Amino acid sequence: MSSVAIIGAGTGGLCLAQALRTAGIEVKVYERHRSPADALHGYRVRINPTGARALRHCLQPPAWEAFLSRAGRIRQEFGFLTERLRELAVVDGGPDAEQHYSAERGMLREILLAGLEDVVRFDASFERYDRTPDGRVECRFADGTRAVADLVVGADGANSRVRRQYLPHAQRVDVGMVSIVGRLALSAAERLLPECLRARPNSVVAPHGTGMFVAPHEPGADEGYLMWAYGAGEHRYPVGVEAMDGARLAELVAGTTRSWHPALRAMIRETEPGTVNAVTIRTSVPPAPWPATNVTLLGDAIHSMTPLRGVGANMALNDAALLARELTGAADLRTAVRRYEAAMRRDGFRAVAESLRAARMFVSESATRRLLFKTVLRTATVVPPLRKVLYAKLC
Ligand SMILES: Cc1cc2nc3c(=O)[nH]c(=O)nc-3n(C[C@H](O)[C@H](O)[C@H](O)COP(=O)(O)OP(=O)(O)OC[C@H]3O[C@@H](n4cnc5c(N)ncnc54)[C@H](O)[C@@H]3O)c2cc1C
């Protein structure tokens, strides 16, 4: 393996670059943003045991230690509450639950970028690729520059240009759900909210096709906050909801949660409107397997999923570790890519299916399904093995 061009310096692309550089493989990353600080959204990423294992594999030991010392640990419990804050179940993660971390996005980016100063080229917006006569791949960028590599990896996120050229039939579709997301500062949360909402992530199982996810994020470089995400089928929203400002969106959520517990209503009311935005939930549709070549894809570029299980970044890290393992010492590039893609499709699209199921359950309009779900949750409080299964399937 002589050279790899990675398009996109996001979570997956940078993690792959770290592992390839350590393996002595020539690698370059091309990122459309002008600097590492551009487009850093102020939210945290939950790193689960799969993501943690991948990070550990790809990072050099000092960088992994830096991650461990800077990431917050997440409590292994996950709660299910009614909209009146009655507890339905609290499930836990079992033996590997200690490996869940909460990572501030800027911190994770800093660790993934460390030592790659000569590897990442910013302000390089990928436009298309062409095959060269000797079978390599030439990438073209918006500023007219070009770069040739033996393998091109599209790690350019959910709207991937590499995917659109390479697998134009691979689609992303709306799942018919819109989520309104906001952040309440921890100081306000301490003043306004009961312990159960501040101590662990919770899913609020509300009636009539609506739900809410509430999760505390410990202080790190920032003050710490409580993130809430209200979700409902798109037919429940007025037309043009995505374009509304934060204050209007918060009003909308307040209007549909009048019968909810006063603490949840206070949480919505006291949230800084600038932190509130609406997200149309989309998911990728698994394409039929394709033959391996010297172009491939990883992370959201191929298997973007609903945010309901919070695992998209973990699956991008997982892909990076899978591909790095296959490329390290590979005798034949296409065999390495074929093996990687088989494992990536298996893991990635399983996560896509699970997060789609979770999204459908979250906003299900079926009273029977909701009742059944609540019954399963209540049963879990007295059946410990069921608690573990629920944690693995839903959290
Ligand atoms: C609010 C929110 C919360 C989330 N929380 C979690 C969580 O807790 N846990 C979790 O696992 N996941 C979470 N996710 C999902 C997670 O952020 C994504 O799944 C993850 O970032 C995907 O990583 P990636 O490397 O595939 O793509 P990205 O991280 O999106 O990186 C793609 C990169 O490619 C660059 N790029 C795009 N186009 C071009 C181009 N033409 N040329 C050059 N560069 C280009 C982009 O600028 C970007 O830097 C969350 C998402 C959201 C929106």
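Since every read-out is calculated from the coordinates, none of them should be taken as a lab result. Predicted model only: the values in this text are computed from it and were never measured. Cβ placement follows ideal geometry from the backbone for every residue including glycine, while neighbour counts extend to all protein chains displayed.
How much of the DSSP bridge set in the chain is antiparallel, in percent, rounded to the nearest 5? List each step's numbers first, then the result.
Numbers: 49 of 67 bridges.
Of those bridges, close to 75 percent are antiparallel.
Across the chain, the fraction of Cα-Cα pairs farther apart than 27 Å, rounded to a whole number, is 51%. Amide H contacts of V29 (H built 1.01 Å from N, in plane; Pro and chain starts excluded): I6, V120, R121 sit under 5 Å, all sequence-distant by 5 or more or on other chains. Ranking of C58, C15, C139, C196 by neighbouring Cβ atoms within 10 Å, starting from the fewest: C196, C139, C58, C15. Neighbour counting of Cβ atoms within 10 Å sorts the residues F67, F122, fewest neighbours leading, into F122, F67. Taking other C-beta atoms within 10 angstrom as a stand-in for reagent exposure, W290, W64, W228, W260 fall in the order W290, W64, W260, W228, fewest first. The range 137-173 to the range 182-248: how many Å between their Cα centroids? Each part's Cα centre sits 35 Å from the other's. Note that the range 10-23 has calculated 3J(HN,Hα) couplings of x, 4, x, x, 5, 5, 5, 4, 4, 5, 5, 5, 4, 7 Hz, one per residue in order, obtained from phi through the Karplus relation 6.51 cos²θ - 1.76 cosθ + 1.60 (θ = phi - 60°); glycine and proline are x. Residues whose amide H comes within less than 5 Å of that of V295, counting only those at least five positions distant or on another chain, are V152 (H built at 1.01 Å from N in the peptide plane).
Rounded to whole numbers, the Karplus 3J(HN,Hα) couplings from phi for the range 103-110 are 10, 5, 4, x, 5, 5, 4, 4 Hz, using 6.51 cos²θ - 1.76 cosθ + 1.60 with θ = phi - 60°, and x at Gly and Pro. Which one of L16, T335, G144 is farthest out on the positive end of the charge dipole of the chain, using unit charges on Cβ (Lys, Arg +1; Asp, Glu -1) and the Cα centre as origin? Highest projection toward the positive end goes to T335. Express in % the proportion of alpha carbon pairs of the range 1-60 at distances exceeding 15 Å. The share of Cα pairs beyond 15 Å in the range 1-60 comes to 57 percent. Note that the range 63-72 has calculated 3J(HN,Hα) couplings of 6, 4, 4, 4, 4, 4, 6, 9, 7, x Hz, one per residue in order, obtained from phi through the Karplus relation 6.51 cos²θ - 1.76 cosθ + 1.60 (θ = phi - 60°); glycine and proline are x.
Within the listed set A336, A142, A380, the Gaussian network model of the chain (springs between alpha-carbon atoms below 10 Å) gives the highest mean-square fluctuation for A142.
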